[in-house]
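Here is the structure we will look at.
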Amino acid sequence: MSDKVKDSAFKWIDGNRDRIIEVSDEIWGYAELGLIEYKSAKLLAEELRRHGFNVETGVGGMPTAFVAVWGKGKPVIGVMGEYDALSGLSQKVKPEKDPLEPGKPGHGCGHNIHSASAMAAAVALRYALEERKVKATVKFYGCPAEESGSGKVWMVRDGVFDGVDAVLSHHPSSMNVASLSSSLANNSVKFHYRGKTAHAAGSPEQGRSALDAIELMNIGVNFLREHVIQDARIHYIIESGGGQPNVVPDYARSWYLVRAPERDQVEHIYERVLKIARGAAMMTETELEVEFLKGVSNKIPSKVLSDVVTSNMRLVGPPEYTEEEVEWARKLVSTVSRESKVEQLRKTKRPGWEELVDVVLDRTVPDPWNEGEVSHGSTDVSDVSWKTPTMEFSTSTWPLGAPGHSWMNVAGGAHSTGHKSLIYASKVMAASALDLIADPGLLEKAWDEQRRRLMGKEYKSPIPA
Ligand SMILES: [Zn+2]
């Protein structure tokens, strides 16, 4: 049955191409930062409501998070959409740097496409399932603040992903791949120290320096580095270190990020960082306050979902580009040196990456090659992946060599090359969901794999109660 249902879904996407692009471009124009994506979330929720979805807003305690549901019964397939922008990246749809509004945010991670592709897939699924009388539930997850607040971690903690059989999402990138790599787990924490102020020359014995505590803590952590696993990453900044040197600072603040490939590794290292922080307070007779900002888990990959998505990427076929589009894309990355592009490609470890050095827009669909690899970034998609088999696939949106979170990605995200990626991804997502709905054996296999990879580990929210 699945081929006919897929045709219905593709037909809906083709027939509503202009509107899907309009939604994506509108969100691109709003360029709202995490947790204040009011217009973007409203637009998406209204669009879904218009197509018969039931919308619940404010989930996970966030006003811009929502869940839109259509259908009844099993299986329950989720799709996720992100819509937060990045600060300072405002840019016109032009192949040279030219801010639309200097200093304002821009969609440097393509989250306008992220949410529009999921919205289009959800609505296409809904009509295809209805037309072909197939029973299933489709859930669209409106996920705020991926960049700054790890919104999905709060949504997972709120239980909104419970009972979902599989989750799909799409992220713009420079390659078409349903990646098998994991990602780093992390904790983001601020340390506030409070001491006593005094004249630093006249009566230093009366003072207790909060800055001393920060410095001693940093020294302790820097010695700790030798005794943690190689793949861990610990970075910090000093946000506040006093006012002027002749006053003993009574307040100082640092901000730490602790990352490691596995969630429990982060927790072990973080416990040791806390001991050092407390030790620094004891040494300096200052008071310590720990402000836990957020944490995310490592990603649990899904080979079963990766295979489903890869086969649908090939079935739909990557978009064709006109000569003008390739020329535009070439110009967009003309400031990226060849060396830098080579390094970026090498870092992907993709077999045969050398052949891509002169390619502008990648139109191939390679077999995913990165099983067992851990990408150095972190994402809140990971926390969802502990609850249910999850696949965030990428499609080629930006020219090879374009750096992540750059003005180039802002420009590409509202250009016709970005629009083609959006339509392609919408079809791939809808078709993949339909495969999962049509064949219960696939979902069973995905859950077997999930259990095997988790090895009995239970999900524990990185956010303390
Ligand atoms: Zn992103």
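Nearest 10 degrees, 0 to 90: what angle lies between the long axis of helix 263-284 and the longest principal axis of the chain (Cα atoms)?
For helix 263-284, the angle is close to 20 degrees.
Mind checking segment 293-395 for GluC sites (Glu not before Pro) that DSSP puts in a loop (not H, G, I, E or B) and that have at most 10 other Cβ atoms within 10 Å? Let's see the in-between values first.
Numbers: sites: Glu320, Glu323, Glu324, Glu325, Glu327, Glu339, Glu343, Glu354, Glu355, Glu371, Glu373, Glu392; in loops: Glu320, Glu371, Glu373.
Hits after loop and neighbour filter: Glu320.
Just grab the label-to-label distance for Asp439 and Ile36, each label 7 Å out from Cα along the Cβ direction, in nm (one decimal).
Result: 4.7 nm between the two label points.
To the nearest 20 debye, what is the magnitude of the charge dipole of the chain about its Cα centre, counting +1 on the Cβ of each Lys and Arg and -1 on the Cβ of each Asp and Glu?
For this selection, approximately 700 debye.
Give me the percent relative contact order of the chain, please, defined on Cα pairs under 8 angstrom at least 6 residues apart.
Once normalised by length, the contact order is 23 percent.
Leaving out ligands, DNA and RNA, and with a 1.4 Å probe, what % of the accessible surface on the chain is carbon or sulfur? All intermediate terms of the calculation are to be shown ahead of the outcome.
Numbers: 10250 of 19800 Å².
C and S atoms contribute 52 percent here.
Which residue, chosen from Gly73, Ser432, Ala201, occupies the Cα position most advanced towards the positive end of the dipole of the chain, where the dipole is computed from +1 (Lys, Arg) and -1 (Asp, Glu) charges on Cβ about the Cα centre?
Gly73
In nm, give the distance between the simple-model label positions of Ser148 and Asp7, each being 7 Å from the Cα along the Cα-to-Cβ direction.
So the two model labels end up 4.8 nm from each other.
For helix 111-131, report the angle its Cα long axis makes with the longest principal axis of the Cα atoms of the chain; keep it between 0 and 90° and round to the nearest 10°.
So the inclination is approximately 40 degrees.
Leaving ligands, DNA and RNA out of it, work out the accessible area of Trp328 with a 1.4 Å probe and give it in Å² to the nearest 10.
40 Å²
Residues in segment 404-434, backbone N under 13 Å from the label point at Lys97 (7 Å along the Cα-to-beta-carbon vector): list them, ranges by number please.
Residues passing the 13 Å test: 406-409.
Tally Lys/Arg at +1 and Asp/Glu at -1 over every other residue whose Cβ is under 12 Å from the Cβ of Thr137; what's the total?
+4
Could you give the length gained on full extension between Glu320 and Asn246, defined as 0.36 nm per residue of separation minus the Cα-Cα distance, in nm? Intermediate results must be reported in sequence, preceding the final value.
Numbers: separation 74, 0.36 × 74 = 26.64 nm, distance 6.58 nm.
Full-extension gain reported as 20.1 nm.
Out of segment 93-142, which GluC sites (Glu not before Pro) are coil in DSSP terms and have no more than 14 other C-beta atoms within 10 Å?
Those satisfying the criteria are Glu96.
If you average 1/r over every pair of different alpha-carbon atoms in segment 313-388 and take one over that average, what Kirkwood value in Å do you get?
Result for segment 313-388, one decimal place: 15.2 Å.
Can you give the FRET efficiency to the nearest 0.05 for His227 and Lys460, using r as the Cβ-Cβ distance and R₀ = 30 Å?
The computed FRET efficiency comes out at 0.80.
What number, rounded to the nearest 500 deg cm²/dmol, is the helix-based mean residue ellipticity at 222 nm of the chain, given -39500 (n - 2.57) per DSSP H run of at least four residues and division by all its residues? Intermediate results must be reported in sequence, preceding the final value.
Values: 14 runs with 193 residues, N = 465.
Result for the chain, helices only: -13500 deg cm²/dmol.
Mind checking the angle between helix 17-30 and the chain's longest principal axis? C-alpha axes, 0 to 90 degrees, to the nearest 10.
It works out to around 20 degrees.
With a probe of 1.4 Å, find how much accessible area the chain has per residue, and write the answer as a whole number in Å². If you can, show how the numbers build up before the last one.
On the way: 19800 Å² over 465 residues.
Normalised by residue count, the accessible surface of the chain is 43 Å².
Give me the number: length gained by fully extending Arg453 to Asp158, i.e. 0.36 nm times residue separation minus the C-alpha to C-alpha distance, one decimal in nm.
103.8 nm
What are the equivalent ellipsoid semi-axes of the chain, built from the alpha-carbon gyration tensor (square roots of five times its eigenvalues), in whole angstrom, biggest first?
Result for the chain: semi-axes of 41, 25, 22 Å.
Given 0.36 nm per residue, what is the gain on full extension from Val342 to Met282 after removing their alpha carbon distance, in nm?
Separation in residues times 0.36 nm, less the Cα-Cα distance, equals 16.7 nm.
Looking at segment 250-324, which chymotrypsin sites (Phe, Trp or Tyr not before Pro) are in a loop (DSSP not H, G, I, E or B) and have at most 15 other Cβ atoms within 10 Å?
Working: sites: Tyr251, Trp255, Tyr256, Tyr270, Phe292, Tyr321; in loops: Tyr321.
Qualifying residues, ordered by number: none.
The values are calculated or read from the model by the stated rules, or taken from the named source; none is laboratory data. Treat the numbers as computed from the prediction; the structure is a model and nothing was measured. Ideal geometry is used to build each Cβ from the backbone, glycine not excepted, and the neighbour counts take in all protein chains shown. Side chains included, ligands, DNA and RNA excluded: accessible areas come from the protein's heavy atoms. Shrake-Rupley method; radii C 1.70, N 1.55, O 1.52, S 1.80 Å.
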